[in-house]
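Peer 1: One structure, pasted below without further comment.
The values are calculated or read from the model by the stated rules, or taken from the named source; none is laboratory data. As the structure is a computational prediction, the values presented were derived from the model and not from experiment. Here Cβ is always computed from backbone atoms with ideal geometry, including for glycine, and neighbour counts include all displayed protein chains. To get the accessible areas, we keep the full protein, side chains included, count just its heavy atoms, and leave off ligands, DNA and RNA. Shrake-Rupley method; radii C 1.70, N 1.55, O 1.52, S 1.80 Å.
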Amino acid sequence: MTESSEERLLPDPDPVSQPFWDALHEHRLVLQKCGQCGAIRHYPRPVCDKCYSLEVEWADASGKGTVHSWTVSHHAFHISFKRDLPITLALVDLDEGVRLNCQLKGIDPEDIRIGMPVTVGFEDLTDDVTVPVAFPDM
């Protein structure tokens, strides 16, 4: 295959994470909430890491947070990402107390700072797949 014919790698939801991806497709950010102790968790998983309950609810998130860390990738880990280089990847501390890994857009990497406020937005990759992206609060 040539570079232009490479299909982009896309998330492959499982039954546990499907509600997260469905909400993103609706341009909403949701997080798992333990139905037993109320702990918020992310990434989606079947068991609460605080009380080990299997009870789960989904809660709307504010989408507000701060930059915990970031890196700028100048090398595509898959050829389908080559056209997007350089990519700024960030760990965002969400106000709900969990971290989200996503692209950080709309800012020169030289201007990024730890603790910088950001808001989570949405990028539709296909008609069916949406991913979270962070933008600086200006």
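Peer 1: Over all distinct Cα pairs, what is the inverse of the mean 1/r for segment 73-123, reported as the Kirkwood hydrodynamic radius in Å?
Peer 2: Details: mean 1/r = 0.0811 Å⁻¹.
Across segment 73-123, the inverse of the average 1/r is 12.3 Å.
Peer 1: Place +1 on the Cβ of every Lys and Arg and -1 on the Cβ of every Asp and Glu in the chain, take the dipole about the Cα centre, and give the residue among Leu29, Phe135, Ala39 whose Cα lies farthest towards its positive end.
Peer 2: Most positive-ward Cα: Ala39.
Peer 1: Of all the accessible heavy-atom surface of segment 5-86, with the other protein chains kept in place and a 1.4 Å probe, what percent is carbon and sulfur?
Peer 2: Ligands and nucleic acids excluded, carbon and sulfur give 53 percent.
Peer 1: Equivalent ellipsoid semi-axes for the chain, as square roots of 5 times the alpha carbon gyration tensor eigenvalues: give them largest first, rounded to whole Å. Each step should come with its number before you reach the end.
Peer 2: On the way: eigenvalues 147, 80, 31 Å².
Working from the Cα gyration tensor, I get semi-axes of 27, 20, 12 Å.
Peer 1: What accessible area per residue comes out for segment 58-138, rounded to a whole number of Å², with a 1.4 Å probe? Provide the component values of the computation, followed by the final result.
Peer 2: On the way: 4550 Å² over 81 residues.
That works out to 56 Å² per residue.
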